[in-house]
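See below for the structure under consideration.
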Amino acid sequence: MPIDTLDIHGSDQIGIHLASVGNVLFHPRELPTPTIEKLEQVVGLELAPISIGGSNLIGALLAGNTKGMAVADIATESDIDALTAYGDVVVMEGGVNTAGNLLLVNEQGCVASPSIPKDGLDILSEVLGVDIISTTIGGQDVVGSLGVVNSQGVLLHPDVAPEEVLLIEEILGVPPMVGTVSFGSPYVGAGICASNNGALAGSETTGPELNRIEDALGLI
């Protein structure tokens, strides 16, 4: 099934809890068996249970692709060791460290929050192995919460500006669409977890929203 709904730890903000990174889905430890089974069936990636600095908000703290990933500096040495088994890891330090909230990444490119300094962008580009641009989405800088992307498409916050759309389409190499999740939330990155195989959205997500997500991410 290419799309379904799910809550994680009672929250429909599943994009904050789950990180789809290349061929791996990082998820909180100790999820119930039916949740694990749904992750396997819908997202279709290798599952990797992890916590980052003791937090279950994996999707907010981690972002990447098959080449590498960025993680928040609350990650412990053992967290980083676990991640390194799946690719190169760069640790984002200081006030701009919630990698999952600040980066929108696929195999073609990376959209980064304007809050990330220039030298940080250069390192991220190297580790992720893609070109990177810095832009807001709808004038907001938490770009990872405002979009969800795979290698087939990108779904963006409905308030995204035309000039932002052009930049995003060029760098990610996929067609953009706008939409919402969880009965009208524009924070699609926070509410959706997607791969090239399928997508999961919070349980409050409506039928028309699911259709739009499916269409935007090339899952139909």
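The values are calculated or read from the model by the stated rules, or taken from the named source; none is laboratory data. In this text the structure is predicted, and so the values were computed from the model without any measurement. Heads up, the Cβs are rebuilt from the backbone with ideal geometry, glycines too, and the neighbour counts pull from every protein chain shown. We work out accessible area using only protein heavy atoms, side chains counted, and drop any ligands, DNA or RNA first. Shrake-Rupley method; radii C 1.70, N 1.55, O 1.52, S 1.80 Å.
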Ile16: passes all of (1) farther than 23 Å from Gly184 by Cα; (2) open to solvent by 10 Å² or more (accessible area, probe 1.4 Å); (3) under 12 Å from the mean Cα position of the chain (by Cα) but (1)
Residues being farther than 20 Å from Ile168 by Cβ and open to solvent by less than 80 Å² (accessible area, probe 1.4 Å) - total across region 87-121: 8
Can you name the helices (runs of 4 or more DSSP H) wholly within region 27-86 that have at least 3 residues being closer than 16 Å to Asn101 by Cα? 58-61
Mind counting the residues in region 184-217 that are assigned to a loop (DSSP other than H, G, I, E, B), polar (S, T, N, Q) and farther than 24 Å from Gly64 by Cβ? 3
From the list Thr206, Thr136, exactly one residue is free of Cβ contacts under 8 Å to residues at least 60 places away in the same chain, under 28 Å from Val89 (Cβ atoms) and of a type in the set (Val, Ile, Thr). Which is it? Thr136
Among the residues of region 179-196, is any open to solvent by 40 Å² or more (accessible area, probe 1.4 Å) and under 12 Å from the mean Cα position of the chain (by Cα)? yes
